[in-house]
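Below: the structure, in structure tokens.
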Amino acid sequence: MNIIDILRAAIGNTFRSKLRTALTIVAIFIGASTLTLTSAIGTGVSGYLDVQLASVGAPDVLSIAKTAPAAAGLGDGPAPWEEATVTANGAAATETAGSTAVLSPDDLHAIGETGGLTAVNPVVSVSPAYIGYEQRGKHEIVVGANSEMTRADLAAGSQLSVDDADHSILLPASYLQNLGFRSAKSAIGETVVIGATDYTGTMHEVTATVRGVQNLTLLGVGVRLSRALTETLAEVQSTGQPATAGTGYFLATARFDPQSTPEQVDAIQADLAEQGYTAQTVADQIGVFQTILAGIIGVLNAFALIALIAAGVGIVNTLLMSVQERTREIGLMKAMGMSGRRIFTLFSMEAIVIGFLGSILGAFAAIVTGTIGSAVLAETFLADLQGLQVMQFAPLSVTAIILLVMFIAFLAGTLPARRASRQNPIDALRYE
């Protein structure tokens, strides 16, 4: 009996008890489909994050903030209060040493002296009240945080530059309809009005020219302002501010040589850390999302593996009952000269066939439902995130999952197969 004959016999024997085998395949189906879907989600979202990093992430910029003091233990009580003279630009009240740490002019000077950095600029925080265009009314405006860390994914127009001396603005594509623009191209070169209140609450208006329109990305949410426009709005916000209030910044950006190696960037970050500053690249910030995603996918995969283990128990039960029902048949095969190794192979092959059927059906169902679901999400809830495909089914990953399930099925079938191979032919023939 060669391997082809054994495979044929295994396929035929698998469906002797159709209901029992079908239920076992269903259990494997559930685990395999879940594992395929979670793997596809991990591939799709991780791929999107990588694309975002490559397309809009600025590779030569560090985001720098003061390292927050270590939190006190639960039983240590509150730390002593100390008054601080530095406030973040735009803040309405004096910060304290125990609250949000801000960067002072001295901090910016110290950062600038750090080896490997070519330029340091504070990130000025502005909070305009509204944006308006012609007679279309006024609408709320959200300014993107730390936009110097990224490049805009443009739908039309051109990028802002750190050297811009005019009041320029990049609008998100989602703003166009409300402001009354027909298309992204029609907005380029138009003048909008931005309203901002000063320290006393008086409203001021500043005009700006639309330089470009940007697509929504994970790294670029909100309006982008040129540095000159940001400084003008910051001056408006600080008008009427008491002379005793200091000036500080929550964040600063620092540029380094784009040709720097990862080791050199790590050295710069370590140097800044010794001085009490936390420095991150866009890749570091994306890494946080990827770590969280990996943790979530890992938990989902664990549930899928639990389902597969339960299915493995079902395979053990199915084949043990099959061995018991076919005891006389096993005895006859041995009496006719079939070796215990071939009997072991026969029953192991039956387990593998069950695993293959469950995994291939589960993977196919996952691919169909996942592809449809991903397309629906891309056209509805996630339509603003250009290029995001929630689920991507990589052929290698799907193949690996099928092989993994078949291996689990093989392991589950070893106990029944071993019992069948060790049957005594005389006792087996006498079995009633």
Next item on the list: Please work out which residue is surrounded by the most Cβ atoms within 10 Å (Cβ to Cβ), limiting yourself to region 373-398 and to residues that are aliphatic (A, V, I, L, M) and not in a helix (DSSP H, G or I).
Entry: MET391
Item checked: Answer from GLY370, GLY413, GLY337 - the residue that is closer than 30 Å to LEU319 by Cβ, assigned by TED's automatic domain parsing to the domain that holds GLY12 and outside any loop (DSSP other than H, G, I, E, B) -> GLY413
Checklist line | Of residues in region 146-163 being under 29 Å from THR239 (Cα atoms) and in contact with a strand residue (DSSP E or B) (Cβ under 8 Å, 6 or more places away or on another chain), the one surrounded by the fewest Cβ atoms within 10 Å (Cβ to Cβ) | finding: VAL162
Next item on the list: Scan region 135-163 residue by residue and report those that are on the phi > 0 side of the Ramachandran plot, modelled with pLDDT of 85 or more and part of a loop (DSSP other than H, G, I, E, B).
Entry: GLY137
Margin query: Just the residues that are modelled with pLDDT under 90, of a type in the set (A, V, I, L, M) and part of a helix (DSSP H, G or I), please, taken from region 240-285.
Written below: VAL282, ALA283
Checklist line | Residue, nearest to SER161 (Cα to Cα), within region 207-235, restricted to residues that are without any contact (Cβ under 8 Å) to a residue 60 or more places away in the chain and crowded, with 17+ Cβ neighbours inside 10 Å | finding: ARG211
Note to self: Show the residue pairs meeting these rules: Cβ distance below 9 Å; 6+ apart or different chains; first residue within region 114-126 and over 23 Å from VAL236 (Cα atoms); second residue assigned to a loop (DSSP other than H, G, I, E, B) and not acidic (Asp, Glu).
What the structure shows: THR114/GLN275; GLY116/SER260; ALA119/VAL162; VAL120/THR114
Next item on the list: From the list ALA283, ALA311, ALA335, ALA302, pick out the single residue that is loosely packed, with under 13 Cβ neighbours inside 10 Å, in contact (Cβ under 8 Å) with a residue 24 or more places away in the chain and not basic (Lys, Arg).
Entry: ALA335
Check: Within region 246-264, which residues are more than 13 Å from SER63 (Cβ to Cβ) and in contact (Cβ under 8 Å) with a residue 24 or more places away in the chain?
Finding: GLY246, THR247, GLY248, ASP257, PRO258, SER260, GLN264
Check: What number goes with the only condition from (1) charged (D, E, K, R); (2) more than 30 Å from LEU62 (Cβ to Cβ); (3) touching a helix residue (DSSP H, G or I) at 6+ places or on another chain (Cβ under 9 Å) that ASP284 does not pass?
Finding: (2)
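The values are calculated or read from the model by the stated rules, or taken from the named source; none is laboratory data. Being a predicted model, the structure only gives us computed values, none of them experimental. As a convention, Cβ positions derive from the backbone with ideal geometry for all residues, glycine included, and neighbour counts pool all protein chains shown.
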